[in-house]
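Computed from the coordinates by the stated procedures, all read-outs in this text should not be read as laboratory data. Because the structure is predicted, anything quoted here is derived from the model rather than measured. No Cβ is skipped: glycine too gets one built from the backbone with ideal geometry, and neighbour counts run over all protein chains shown.
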Amino acid sequence: MSGWPIATPGLEARTQVWNIDLALPPDALARCRAILAPEERARADRFMRAANRDGYTASHAALRLILGRTLARPPRTLAFTAAPGGRPQLDGADLAFNLSHSGSRALVALSREATVGVDVETLRPLSDAVRIARTHFAADETAALSRLHGAQLQAAFFGLWTRKEAVVKALGGGLSIPLDGFSVSPPPAPARMLRAPKGTRAWTLHHLEPGPGTVGALAAPGPLTQPALAALPADWTTDLA
């Protein structure tokens, strides 16, 4: 899945994935911080590294912008609560959503069809990918990765990681869901569930390519229509209010 047309939040598609550039100048970051709730600002301030603090601030402001425009509500007035398992939700909104960010890239998934999970990772050198896989992944996934080397191994590892993380986030169970308890296909194979998590059956997975040097995935425990892909414009923070 590729191609991310620039758009303004408010698409009518039942499932959407938004691509956000988090590389923002100081004035734009200040606009992002201004619309966050006090507890969000407090959480951002707990990050020791400025890059992590800025990524959290910008990605959560973008989430508010997208949700606010979709629901016709001012972004700063949105109040989040925690669903069972800790997943954030909006009371009174018939809309599932999920956020992921890595480096200077974020993805926001919205759906009126099913609970969704989304994940994005920045590709980076990893000398012990197979060892990590043996520790965390299912045996068939590890076996597939062990046959690869170099750039192919790097791409397959992070692509597989995002597919598994998207599944876990769609289920909303966090660390209580063992990553070796289910199997997904590793890139370059199309994204699909090979062995479903316990208690689930049909899954929809999509491979995402948000931009150079990144990989992502969308997952839902059930059928989804083809998700609409959209990217916020470069000046998206000027729309915050």
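The table for this structure:
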{"read-out": "Order of Leu123, Leu67 under a 10 Å beta carbon neighbour criterion, fewest first", "value": "Leu123, Leu67"}
{"read-out": "Loop-located trypsin sites (Lys or Arg not before Pro) in the range 98-153 whose Cβ has at most 16 other Cβ within 10 Å (DSSP)", "value": "Arg112, Arg147"}
{"read-out": "Separation of the Ala30 and Arg43 label points, Cα + 7 Å toward Cβ, nm", "value": "2.5 nm"}
{"read-out": "Percentage relative contact order, the range 129-241, counting C-alpha pairs under 8 Å, at least six apart", "value": "22 percent"}
{"read-out": "Arg112/Ser176 FRET efficiency (R0 30 Å; Cβ-Cβ; nearest 0.05)", "value": "0.65"}
{"read-out": "As computed over the range 120-220, the Cα convex hull volume per residue (Å³)", "value": "90 Å³"}
{"read-out": "Scattering profile of the chain at q = 0.09 Å⁻¹ [log10 I(q)/I(0), Debye over alpha-carbon scatterers]", "value": "-0.37"}
{"read-out": "Whole-Å distance, taken between Cα centres, linking the range 1-35 and the range 41-104", "value": "12 Å"}
{"read-out": "Debye-sum result for the range 1-134 in log10 I(q)/I(0), which assumes one identical scatterer on each alpha carbon, at q = 0.10 Å⁻¹", "value": "-0.36"}
{"read-out": "Residue exposure sequence - Ser146, Ser104, Ser176, Ser111 - by fewest surrounding Cβ within 10 Å", "value": "Ser176, Ser146, Ser104, Ser111"}
{"read-out": "Computed [θ] at 222 nm, helices only, for the chain once each DSSP H run of length n ≥ 4 contributes -39500 (n - 2.57)", "value": "-10000 deg cm²/dmol"}
